[in-house]
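The values are calculated or read from the model by the stated rules, or taken from the named source; none is laboratory data. A quick note: this is a predicted structure, and the numbers were derived from the prediction, not measured. Here Cβ is always computed from backbone atoms with ideal geometry, including for glycine, and neighbour counts include all displayed protein chains. With ligands, DNA and RNA removed, areas are computed over all heavy atoms of the protein, side chains included. Shrake-Rupley method; radii C 1.70, N 1.55, O 1.52, S 1.80 Å.
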Amino acid sequence: MRTEDRTVAVVGLGYIGLPTAAMLARQGMRVIGVDINARHVEAVSRGEVPFVEPDLATHVAGAVSKGLLTAQRQTPQADVYIVAVPTPFDDDHHADLSWIDAATDAIAGVLRGGELVILESTSPPGTTQRIADRILGARPDLSLHGEGGRPVVGFAHCPERVLPGRIMVELVTNDRIIGGITPDAAARARDLYATFCDAELLLTDARTAELAKLAENSFRDVNIAFANELSLVAERLGVDVWEVIALANRHPRVNILQPGPGVGGHCIAVDPWFIVSAAPEQARLIRTAREVNDAKSDHVVTQVVALAGQHARPTVAVLGLSFKADVDDLRESPALRIVERLADELRQARILAVEPHIDVLPASLLGRPNVVMSDVVAAVEAADVVVVLVDHSAFRTLPRPDLMGKNVVDTRGLWGEESVVTLPA
Ligand code: SAJ
């Protein structure tokens, strides 16, 4: 690391920014976390963590108590800036870069020259260049290459690729792609990440790094879409999809992923759209995969509504609300979306929602008279229709419940072949 890169400002103290800030502080760097959310700033300032992630709390508490990590709402002067803010998409599936633009403008206002700006947020191709253009447009006294003797600012993209639930481990062990707007900026960013990352740091240009990150998550989305499509084919043909996949995967070069109720999370369900929006005519498979995965959620709703319709006042147990197993994260959760739709469509039903990782119903379900929280055993026992939406370990380790006389829609293969219900065509 360059000796002058001692102070790092991390903009965005979320699932990626805060772990990265804590890692850098652990290496002895002076880290200032920046967030517009006062609750996050106050929590981090007290040495606390505003969300659940294994091992993060210890790292943050240690760094704050040593005075190496602080948090504030204003963007400070620093040697390096790491931008880790959300990049959601709008209704037309175009990336909403307003968070990135706001972070960029705040950084532009405090630069002195000589800094490095790193974008970590997953972004459409061209976003790192957009940051450079915006900053250099606002600050004509600075330059990219030292033109006219003006001080240089470096720009690089270093996309995060850690798995929620394993972030503190994967920050150290995963290879990283580092794309510079200039080779100097890439080399400087590499030296910074080398302070805590034990794996390979792969240098390229910014645009390639942006597309590589999107390609990783699109690859997974396309493969999950294959599994979801196969589950519909198997259902149509009256075959158990879990057995089909287990058997097909015994081929040495086949590795089919698991079907589910659709794809969720803030990454895989979002990032492919950035590719589609950048190259709509070329990205046909990627777009179709997104549509197949979203349609799987519609299919589950149709199935459950049809089964519930066989009972006068049905009780429906829905197992799991989070976007995947063993996390409390509800962002872009297909399970939550499905339960919201069931609440709308099954007004006469009693919906028992089971989610061991949260204590109260999420805002979108609160106040719905037909939805209450329940524990798994009581919910399954009372239910006419049981819907498995998330394969939490807490469900897997339960003894298989008595499902006699119940309709079961098991989107995760929790209970295996016998519980899969095939509706008449
Ligand atoms: N899912 C299935 N079937 C499967 C695997 C996953 O239906 O066989 C579903 C999950 O239930 C969930 C969704 O896909 O709803 C995504 O879960 P995930 O565990 O595959 O991925 P994420 O979203 O937690 O994290 C991904 C990771 N990317 C890849 O594995 C290529 C992670 O490494 C990235 O850092 C992260 O996206 C990100 O932030 O981009």
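Results, tabulated for the structure shown:
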quantity	calculated
Amide H partners (placed H, <5 Å) of Ile178, local residues excluded	Leu202, Leu203, Thr204
Exposure ranking of Arg253, Arg350, Arg190 by accessible area [1.4 Å probe, largest first]	Arg253, Arg350, Arg190
Values of log10 I(q)/I(0), in the order q = 0.18, 0.23 Å⁻¹, for region 153-240 under a Debye, Cα-only, solvent-free model	-0.79, -1.07
Kyte-Doolittle mean at least 1.6, axial Cα span of 18 Å or more - DSSP H helices of the chain	none
Relative contact order (%) - criterion: Cα under 8 Å, at least six apart; region: the chain	11 percent
Value of relative contact order over region 241-422, rounded to a whole percent, pairs C-alpha under 8 Å and six or more apart	23 percent
Residue-normalised accessible area of the chain, expressed per residue, 1.4 Å probe, Å²	44 Å²
With at most 16 other Cβ atoms within 10 Å, longest stretch of the chain clear of loop chymotrypsin sites (Phe, Trp or Tyr not before Pro) (DSSP)	197-425
Sequence of Met404, Met373, Met23 when ordered by accessible area, the most exposed leading, probe 1.4 angstrom	Met404, Met373, Met23
Order by protection proxy (mean Cβ within 10 Å, highest first), peptides 56-66, 255-265, 144-154, 171-181	255-265, 171-181, 56-66, 144-154
Region 128-177-region 275-331 distance, computed between alpha-carbon centres (Å)	35 Å
Estimated D of region 296-367 in µm² per second, where Rh is the Kirkwood radius over Cα pairs and Stokes-Einstein applies at 20 °C, 1.002 mPa s	170 µm²/s
Calculated FRET efficiency for the pair Leu257/Arg134, C-beta based, R₀ 41 Å, to 0.05	0.60
Distance (nanometres) between label positions extended 7 Å along Cα→Cβ at Ile358 and Gln282	3.9 nm
Inter-site label distance for Asp91 and Arg73 at 7 Å from Cα along Cβ, in nm	3.1 nm
Amide H partners (placed H, <5 Å) of Val270, local residues excluded	none
Whole-percent carbon and sulfur share, accessible surface of the chain, 1.4 Å	53 percent
Simple Cβ-charge dipole of region 3-206, Lys/Arg +1 and Asp/Glu -1, about Cα centre, in debye nearest 20	640 debye
Hits among lysines - C-alpha to C-alpha of Lys324 under 25 Å, sequence gap 8 or more where chains match	Lys213, Lys296, Lys406
Prolate/oblate/rounded call for region 3-206, Cα gyration tensor, a/c under 1.5 rounded	rounded
Cα point-scatterer Debye curve for the chain, base-10 log of I(q)/I(0) at q = 0.14 Å⁻¹	-1.23
For region 253-359, diffusion coefficient by Stokes-Einstein and Kirkwood Rh (Cα), 37 °C, 0.692 mPa s, µm²/s	213 µm²/s
Heavy-atom SASA rank of Leu398, Leu97 (probe 1.4 Å, accessible area, largest first)	Leu398, Leu97
Under 5 Å, built H, 5+ apart or other chain: amide partners of Ser143	Val152, Val153
Relative contact order of region 23-162, defined on C-alpha pairs under 8 angstrom at six or more residues apart (%)	19 percent
Bins of 10 Å from zero: percent of alpha-carbon pairs in region 241-422	9, 35, 35, 16, 4, 0
